[in-house]
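The values are calculated or read from the model by the stated rules, or taken from the named source; none is laboratory data. All values reported here derive from a predicted model rather than from experimental measurement. No Cβ is skipped: glycine too gets one built from the backbone with ideal geometry, and neighbour counts run over all protein chains shown.
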Amino acid sequence: MESWIERAACTDEDPELFFPVSAEGPGAEQRQQAKTVCAGCPVQKECLHWALTTGQTSGIWGGTCERERAAIRHREGTGGRGRRVTARETRAPNH
């Protein structure tokens, strides 16, 4: 069975694209490029869910940056790390 990771739009992208070094200048442009890849991804929701449940605190996941995921976790009342995940959910995507 094919996992959501194998269907992700980012599989052929340089993983570094999804980890900008800053939120300003070239980093802001890189962040926008990564989010553009995510915007056309057929598994964007699954990626975001994975990032939230595994507590990803860096990088672009599911079209969101660190600050956006923190705001989602805050709204959902899950605090910093989210919920406990299953072993199946912990398989990281390529980026």
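Pairs are defined by a Cβ separation below 7 Å, a sequence spacing of at least 6 or placement on different chains, a first member in the range 1-22 that is at pLDDT 90 or above, and a second member that is in a helix (DSSP H, G or I) and basic (K, R); the pairs so defined are P20/R31. Taking I5, is it surrounded by 12 or more Cβ atoms within 10 Å (Cβ to Cβ) and either under 9 Å from the mean Cα position of the chain (by Cα) or closer than 21 Å to R75 by Cβ (or both)? Criteria not met by I5. The condition of being under 28 Å from E76 (Cα atoms) and within 13 Å of the chain's Cα centre (by Cα) holds for only one of A39, A28, that being A39.
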